Structure formats: C-alpha cells, structure tokens
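To keep things clear, I will list the structure first and then write my remarks on it.
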Amino acid sequence: MPLGIRSRVTVPLQFADGWGTTAQVVTFHGLADGKEHLALALGDVENAAVPLVRPHSECLTGDVFGSQRCDCGPQLREAVERIAGVGGYLLYLRQEGRGIGLYSKLDAYALQDLGMDTYEANRALGHADDERDYTAAAQMLTTLGAPAVDLLTNNPDKAAQLRGLGVDVRHVVPTGVHASAANVRYLQAKISHTAHTIDLPLAV
C-alpha cells in the first residue's frame, strides 16, 4: 500500500494534573515497518513556520502506569504542552524499550535490579544499546507536509537519523530534566552511553 494518511480524528486530552488540550490524531498506511505509529497534531500547526516535533517512543510502564524507573511519562506530558503552545506534532512511535519490546524491557529491568545499567542489561539479553529506527518517523513528517522541523529531544541519535533520512532539522530543543531518586541512575546511563544532553542536578 502506498504511503499516505489513513485517517484523522479529533481527540480531547486531559492529563492527571488536570491540564488538557485537543489533538488531531493522524494514522498512516504504507509506513516502512508496518507498525501503527500515530502523529498528534497539536496547537496551530497550520500557521507554525517550523513545527516543533517530538518523536516519542512508546513506554507503557512510564506513559500509562507512571513508572518512576524512567522519565518517559513526564517527557510525554511536557512535550504535549510545549508543542501545543507553538504548533507541531508529537510522533508516538511503537518502539517500546528502545526497540526491544515490552517483555524484553521488563527482563532488562530484572537485570538492572542485579546491578546492571539499562544498556548493559540490553546487551546481556543480546540486544543493541538502542534498536530504534526513525524511517517511519521521517515518512510521517513527509506525509504531513513537514520537511523542516524543530526537534524536541535530548537524544542526538534522533536528530542524526532524521537528518540522514532527509528531514531538515533546523534546531534541536532540549526537553526538561525529570530526575528522581528512582531514575537518576537511568539518566546517568543515557548521558554516558549515548551522549544525551541532560543536565542532572547535583542531588536528587
């Protein structure tokens, strides 16, 4: 099936803290990996000179259940509000556990409880540090008519991959730091292993 938009539907959003907005949720057909990725159009995207875009990888434990072992839930909440304020897209990518899947991510958690960091645990399970591929994200942006974007991320690999796939990433905008006692080791690992631009507080 050729690449294109499958459907658009308006969905009101409300987060646990009471803040809400309205998103236009866009589905696609013909994406490279065949997965059911979503784009949430937020704010006045039609009049945004360069849309703000957050490629957010699915994290069931953090996004839905509020897990404190990562910063995914707070990043999702932050991204939706920031994008809604200026106009852009949140790309919700079905790449659980940096691409290794939900069960493998939970297996990695068990190894982390034995002393490994998140990347060491992935390797012990036979996975790469990060198995995510952003080809579908680039296809989504092209289909949405957004060849140039400002990218909301602390992960340099997202910008590098998207640029390599033909997306004009004008600026990389850092997300906030959502550190807690439960996730600070995880955040430190992201800095040391994959050069995430996270400025950790001295004490958490």
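Taken together, the values in this text are just the output of simple stated rules run on the coordinates, not laboratory data. For clarity, every value in this text was computed on a predicted model and none was experimentally measured. With ideal geometry, Cβ positions are generated from the backbone for all residues, glycine too; neighbour counts draw on all protein chains shown.
What the table shows:
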item	result
Test: residue in segment 54-71 that is of a type in the set (Lys, Arg) and closer than 23 Å to residue 103 by Cβ	yes
Pairs, first of a type in the set (Ser, Thr, Tyr) in segment 111-122, second assigned to a loop (DSSP other than H, G, I, E, B), C-beta under 7 Å, six or more apart	119/129
Members of segment 1-31 that are surrounded by 13 or more Cβ atoms within 10 Å (Cβ to Cβ) and of a type in the set (A, V, I, L, M, F, W, C)	3, 5, 13, 15, 23, 25, 26, 28, 31
When residues of segment 46-60 are limited to those that are outside any strand (DSSP E or B) and without any contact (Cβ under 8 Å) to a residue 60 or more places away in the chain, the one nearest to the chain's Cα centre (by Cα)	58
Single condition residue 74 does not satisfy, out of (1) under 26 Å from residue 165 (Cβ atoms); (2) surrounded by fewer than 21 Cβ atoms within 10 Å (Cβ to Cβ)	(1)
